[in-house]
Amino acid sequence: MTLTETLRYRGAIGQWSWVLHRVTGLGVVLFLVLHVIDTSWAVFYPGLYEEAIAVYQSPLFTLGEFVLVACVIYHAYNGLRISLFDANPRWWKHQERAAWVVVGATLLTLIPTFIIMFNHVLVHYQHDPFILPLEKVLQAQLPFAVGIAAAIVGAVLVSGVVGMIAGNDDAEGKGKPGSRVERFWWSYMRASGFLIVPLVFGHLAMMHLIQGVFDLTVAGKTIVGTNGLVNVSGTAVEFVLARWNTSLSGATTGLAIWRIYDIGLLLLVTVHGFNGLRYVLTDYTTGNMLLKRAAVYLCLIGAVVLLVVGGAALLSSIDRDAIIMACESQEHIGRPLSAFCQQALGL
Ligand code: HEM
Ligand code: HEM
């Protein structure tokens, strides 16, 4: 059913939960693209990472952060409802009540979550914070918009070439509903959903509740999940470095617990999110084989790019010179520097 049909239909709650599930899923996929690419900069372009975190701390992105958390929580609870009801057909008569339970559980979770997040915002704004100007925030999004547009054009071009070689008939087989491949994806979406819930909720608890996005650049703050390491330079790069170098045993070498955690998160969420995007895009391109195939290629390109870029970052080491580059970047954007950065830059 298309979005216009849904809105015209004014259906019961089931209809609206379908729309919300779709919209929230798409919102999180879009965020994920920016987020994984940004995070990889902590390794490959430490200066850019520092700017990206300044963007995340701007008022526009703070608003977006509240919307993002609401999207993740609603989508997670509703996804669990879908999966549980699919597995238990005898519950189907309770669908409507379950959809309301999801709305209620989302609100109940969001109230304390938003209070804690809002408290972080209040504390931050009480101390005359550094705010990146709006035009810089918007400018920073331009390369992403160009990259996404290029991926769309690339997917349509490849689809056109494949169409010229193989024809544009909607061949029976692999990609059809009910095929073995589609049954696999149906199960993957449900199984991965169950695994993503603890991973993504844990990640959000660390980044929004315990620590808060603003704390990433506060010198002297203890870094969450690192056995008490302190962010001496007040750079976001040191925050990631400390987390990714923290080992399970507490020693300086050994299994890097947050890298393993993030690898699991990256794999599950990227494949789930881009397969979800494929469901949505192919739903709206059923009549046009060129676009439908382009939609599949686009999702494939997106998933591969994120897995390669995010995976490469997670498997690389960050050396301490990166912190000096982060200090330089902070000076460049006009953020007040910590004593460590001032000394490191000879100021
Ligand atoms: C937090 C735990 C999550 C659970 C329990 C969950 C569960 C689900 C389920 C059951 C579906 C329906 C699949 C189907 O129709 O066959 C789905 C679809 C989808 N999910 Fe998730 N998901 C989760 C997280 C995410 C995340 C993090 C993203 C984004 C990166 C995402 C993006 C999507 C998208 C785009 C769809 C397609 C929506 C549609 O077809 O209308 N999901 N999810
Ligand atoms: C504004 C909200 C968020 C903030 C501030 C944030 C912060 C961070 C930070 C600092 C890292 C670096 C590594 C670490 O410390 O573990 C990271 C990594 C990661 N985050 Fe988030 N996160 C947010 C939301 C999310 C959400 C909603 C998802 C999933 C849909 C997610 C998925 C990931 C993944 C997959 C990585 C690993 C990236 C890589 O491979 O380089 N994050 N996040």
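The values are calculated or read from the model by the stated rules, or taken from the named source; none is laboratory data. Nothing here was measured: the structure is a model prediction, and the numbers come from that model. Don't worry about glycine lacking a Cβ; one is built from the backbone with ideal geometry, like all the others, and counts go over all protein chains shown.
At a glance:
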quantity: Test: residue in the range 226-245 that is over 21 Å from E182 (Cβ atoms), touching a strand residue (DSSP E or B) at 6+ places or on another chain (Cβ under 8 Å) and part of a helix (DSSP H, G or I); calculated: yes
quantity: Selection count, the range 91-102, where residues are over 29 Å from the mean Cα position of the chain (by Cα) and either at pLDDT 90 or above or hydrophobic (A, V, I, L, M, F, W, C) (or both); calculated: 3
quantity: Criterion: over 16 Å from the mean Cα position of the chain (by Cα), within 16 Å of ligand 1 (Cβ to nearest atom) and either free of Cβ contacts under 8 Å to residues at least 12 places away in the same chain or under 22 Å from I323 (Cβ atoms) (or both) - qualifying residue of S233, S187; calculated: S187
quantity: Candidates L132, L68, L110, L63, filtered to the one that is over 30 Å from I301 (Cα atoms), within 16 Å of ligand 2 (Cβ to nearest atom) and not in a loop (DSSP other than H, G, I, E, B); calculated: L110
quantity: Hits in the range 199-223 - residues which are hydrophobic (A, V, I, L, M, F, W, C) and more than 19 Å from the chain's Cα centre (by Cα); calculated: V218, A219, I223
quantity: Single unsatisfied condition, A294 versus (1) surrounded by 17 or more Cβ atoms within 10 Å (Cβ to Cβ); (2) of a type in the set (G, A, S); (3) part of a loop (DSSP other than H, G, I, E, B); calculated: (3)
quantity: Residue count for the range 270-290, restricted to those that are under 27 Å from I37 (Cα atoms) and more than 6 Å from ligand 1 (Cβ to nearest atom); calculated: 7
quantity: Candidate set: the range 162-201, residues that are at pLDDT 95 or above and of a type in the set (V, I, T); chosen: the one farthest from ligand 2 (Cβ to nearest atom); calculated: V197
